[in-house]
Every structure is written in structure tokens, then in C-alpha cells.
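Worksheet: the structure to be examined is printed underneath.
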Amino acid sequence: MYKINEIFETIQGEASYTGTPSIFVRLQGCPVGCAWCDTKQTWEVNDTYLVSLEQTVEKKADSDLWANASAQQIFELFQQRSYQAKHVVITGGEPCMYDLNPLCDMLHEHGYTTQIETSGTFEILAPEKTWVTVSPKINMRGGYEVLTSAMQRANEIKHPIAMNKHVEELEALFERTGTRPALVYLQPISQKAKATKLAIEVCKAKNWRLSVQVHKYLGIN
Ligand SMILES: C[S@@+](CC[C@H](N)C(=O)[O-])C[C@H]1O[C@@H](n2cnc3c(N)ncnc32)[C@H](O)[C@@H]1O
Ligand SMILES: Nc1nc2[nH]cc(C(=O)O)c2c(=O)[nH]1
Ligand code: SF4
Ligand SMILES: [Mg+2]
């Protein structure tokens, strides 16, 4: 069973798949605690907020209501909702708290491509063909070995930044883990003008890429 915070269809707004029609499956629970996290409603798994699956999909506003669902029930929901997108983004919360193999395998069998958004603080349990976006949470829980294997597995790195310190931390992480990912995205934290300016400058200097959370500029989910 997966704990579902919400399921909705939209346009992927971040990194390589930006612009791709996507079904988002947002899982409940994250112990990492990033101060600037934009999905704090997913942090706690509180039994008093357990509801039916129908009540968690297509929420009008962020909430910490969640529901249990199997891989099969998630797929059936896609059909009930007549979703057209063929790309599924599994995010959270921290999706790698769950074994994502059953969900991704089932989606692949039905012709979907899959992507996971993870902090690299838990072992990644997903098929080889799943696109893995690692947004490494430096100095957070999980430990060095887990983070190193996440960095090695990553198809792209997406790093939220607001200060030069965040860029230095990312460079230090590449050194420490012996990884040099080909696709590195800097994502300005909360669309702040200063953070965006910094990200643009650093991307130019290092030949990295900019990811600007397009959905937030558009006012969509
Ligand atoms: C909400 S997280 C969920 C997945 C996973 N826990 C993770 O951190 O990758 C999805 C993405 O949003 C990024 N993010 C969260 N809050 C943000 C903010 N205020 N500004 C920019 N990016 C943010 C995260 O770093 C991550 O890349
Ligand atoms: N449109 C859209 N794109 C996204 N890319 C990553 C998201 C996330 O919250 O993980 C996200 C999201 O919440 N909405
Ligand atoms: S790891 Fe992801 S979901 Fe968890 S607090 Fe950090 S940004 Fe938010
Ligand atoms: Mg988001």
C-alpha cells in the first residue's frame, strides 16, 4: 500500500521533463525537514487524517489528508479520471520511503514512462528505466552511502538554491561522492528574484541548467 497525499494531471514544471503532460502521484511522509520545503503538508503521516482515496485526489488546496492505495488502485484511478498523460511523476513527501518497484513496473506494463523526485536520503527502490531526479539534501538524514548511491543512480540532479553557499555545498558533494552528473539543474528557491539571478549566473559560469518551477509562474498545480 502507498500513502497518497494527492494525484493530479498537469504539466511537469521542473528540470528535463519540463513541459511534459504528467500525472503526479504525491506520497505522504517525509522526515527530512528542509526549511524552505514547498510541500510541508506531506511531512506527517497522521492517522487522524486518513481518508478515502477519492478525498485525496485533485485537492483544491494543500492539505495533510492522505489515503491508502495499491498500485492497481492508483492505475484504476487514472482510468476513472480519464487522464491522458503517459508520463507519471512520483513525488512527495519522500517517495523513496516506499518500494516503488511494484508501482513503476505496473505503470510500465501499461505503457507509461515513470519519473521519481527524491532527496537521496533513502535507498532508491525502482526499476532501471525509471527516470530518477535527485535533489540531494546535504547534511540531512540518510547518511553518506545512501546519498552516494543515489548520486550514482541519478539521471539528473536538481538543486534548489538561494545563496552561494548552496552551490558550494553541491560542488563539495560531487567531490565527496566522486560523481559528476551530466545534467545539473539549479532551481531558485521560491521564485525569489535574488535566487533566480544567482542561479542564472552560476548556470552560465558552470554550464549547468536552470529549472524555474514553470507551474508556479503559471499558477497551476
Ligand atoms: C517537494 S520535493 C518532493 C520530492 C523529494 N522529497 C525531494 O526533495 O526531491 C520536489 C522538489 O521540489 C524542490 N523544492 C521544494 N521546495 C522548494 C522551493 N521552495 N523552491 C524550489 N524548489 C523546491 C525539492 O528540492 C525537490 O526537487
Ligand atoms: N507542475 C508541477 N511540476 C512539478 N515538478 C515537481 C513537482 C513536485 O512537487 O515534486 C511538481 C509539482 O508539484 N507540479
Ligand atoms: S526532502 Fe523534499 S519533501 Fe522532504 S522536506 Fe525536503 S523538499 Fe520537502
Ligand atoms: Mg511541487
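The values are calculated or read from the model by the stated rules, or taken from the named source; none is laboratory data. Note that the structure is predicted; figures quoted are calculated from it, not measured. Here Cβ is always computed from backbone atoms with ideal geometry, including for glycine, and neighbour counts include all displayed protein chains.
Some observations on this one:
- Glu145 being acidic (Asp, Glu) and either within 15 Å of ligand 3 (Cβ to nearest atom) or within 29 Å of Val57 (Cβ to Cβ) (or both): no
- Within segment 47-82, tally of residues that are over 21 Å from the mean Cα position of the chain (by Cα) and outside any helix (DSSP H, G or I): 5
One line per residue, one yes/no per condition, for (1) more than 14 Å from ligand 1 (Cβ to nearest atom); (2) over 25 Å from Asp62 (Cα atoms); (3) out of contact with any helix residue (DSSP H, G or I) (no Cβ under 7 Å at 6 or more places or on another chain):
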residue	(1), (2), (3)
Glu169	no, yes, yes
Thr177	yes, yes, no
Val184	no, yes, yes
Gln191	no, no, no
Lys206	yes, yes, yes
Gly219	yes, no, yes
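- Neighbours by Cβ (under 7 Å, 6+ apart or cross-chain): first from segment 114-136, more than 10 Å from ligand 3 (Cβ to nearest atom); second assigned to a strand (DSSP E or B) and among the charged types (D, E, K, R): Thr133/Glu117; Thr133/Glu156; Thr133/Lys158
- Qualifying positions in segment 1-60 - within 11 Å of ligand 1 (Cβ to nearest atom) and within 17 Å of Leu77 (Cβ to Cβ): Asn5, Phe24, Arg26, Leu27
- Total residues in segment 1-19, condition of a type in the set (S, T, N, Q) and either more than 12 Å from ligand 4 (Cβ to nearest atom) or surrounded by fewer than 18 Cβ atoms within 10 Å (Cβ to Cβ) (or both): 3
- Selection of segment 121-147 for residues being at pLDDT 95 or above and within 15 Å of Thr177 (Cα to Cα) yields Val134, Ser135, Pro136.
- In segment 22-44, the residue that is surrounded by the fewest Cβ atoms within 10 Å (Cβ to Cβ) out of those that are in a loop (DSSP other than H, G, I, E, B) and in contact with a Phe, Trp or Tyr (Cβ under 6 Å, 6 or more places away or on another chain) is Cys30.
- Of all residues in segment 87-106 being assigned to a loop (DSSP other than H, G, I, E, B) and among the charged types (D, E, K, R), the one that is nearest to ligand 4 (Cβ to nearest atom): Glu94
- Filter result for Gly92 (within 12 Å of ligand 3 (Cβ to nearest atom) and farther than 21 Å from Leu186 by Cβ): yes
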